[in-house]
Structures are given as structure tokens and as C-alpha cells.
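Derivation of every value follows stated rules applied to the coordinates shown; laboratory data play no part. Every value quoted in this text rests on a predicted model; they were computed, and no experiment measured them. Glycine gets a Cβ as well: all are built from the backbone with ideal geometry, and neighbour counts include every protein chain shown.
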Amino acid sequence: MTELLEQAIAKIKQLPETEQDAIAALILEELEDEALWDSAFAKSHDALAKLAAAALAADQAGETQELDPETL
């Protein structure tokens, strides 16, 4: 466990149980969400590679234009 995480847990331990549970729920939700994103990206590698190749081909064929943030 990192020193920063140990410091955070030490501070959380000082809170009332309801606040500890709320923080724990947030952490668990974040970890689950991160796992879902990791899984989704792992499954989408081939599709993303095809999209990237298509975008590069379109750019090389002169079918793209530079983005001008002033015109958004």
C-alpha cells in the first residue's frame, strides 16, 4: 500500500461510520467502473485499429481538413 493511500485511510478512519461507508461505496464504484472500461477497451482493440487506419487513409487521400478551434 502506498504512503498516500495509508494517509487517506487514516483520515477516513476518523470519520463517522456513515461517511466511511459513503467513501467506501465511491471507491468501490470507481474501481468497478475502471474495470468495465478496461474490459471494453480490451475488446475494442481491433475495431479501434480499423477506425484509426481508415482515418489515416482519409487524411493521406486529402479528405480531411485541419481543425480550427475558432470555427467550432
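Relative to the longest principal axis of the C-alpha atoms of the chain, give the angle of the C-alpha long axis of helix 45-60, reported between 0 and 90° and rounded to the nearest 10°.
40
Could you please report the charge total around A8, scoring K, R as +1 and D, E as -1 over all other residues with beta-carbon less than 14 angstrom from its beta-carbon? Don't skip to the answer; put the middle values down first.
Numbers: positive: K11, K13; negative: E3, E6, E19, E30.
That works out to -2.
Could you tell me how many degrees, from 0 to 90 and to the nearest 10, lie between the Cα long axis of helix 17-43 and the main elongation axis, the longest principal axis, of the Cα atoms of the chain?
30
Taking the Kirkwood radius as the inverse of the mean 1/r across Cα pairs, report the Rg/Rh of the chain. Kindly include the intermediate steps, with their values, before the conclusion.
Working: Rg = 22.1 Å, Rh = 16.8 Å.
That ratio is 1.31, to two decimals.
How large is the dipole of the chain about the Cα centre if only Lys and Arg carry +1 and Asp and Glu carry -1, each at its Cβ, rounded to the nearest 20 debye?
Values: 4 positive and 17 negative charges, 45 e Å.
So the dipole magnitude of the chain works out to roughly 220 debye.
How much length is gained on full extension from W37 to A8, taking 0.36 nm per residue of separation minus their Cα-Cα distance? List each step's numbers first, then the result.
Values: separation 29, 0.36 × 29 = 10.44 nm, distance 2.50 nm.
Here the answer is 7.9 nm.
Can you give me the angle between helix 3-13 and the longest principal axis of the chain, using Cα atoms only, in degrees from 0 to 90, rounded to the nearest 10?
50
Find me the longest stretch of the chain that has none of the exposed GluC sites (Glu not before Pro), where exposed means in a DSSP loop (not H, G, I, E or B) with at most 14 other Cβ atoms within 10 Å. All intermediate terms of the calculation are to be shown ahead of the outcome.
On the way: sites that count: E63, E66.
The longest uninterrupted stretch comes out as 1-62.
Taking a cut-off of 12 Å between Cα atoms, list the aspartates and glutamates near K11, but don't count ones fewer than 8 places away on the same chain.
Of all the aspartates and glutamates, those that pass the test against K11 - Cα under 12 Å, at least 8 places apart if same chain - are E19.
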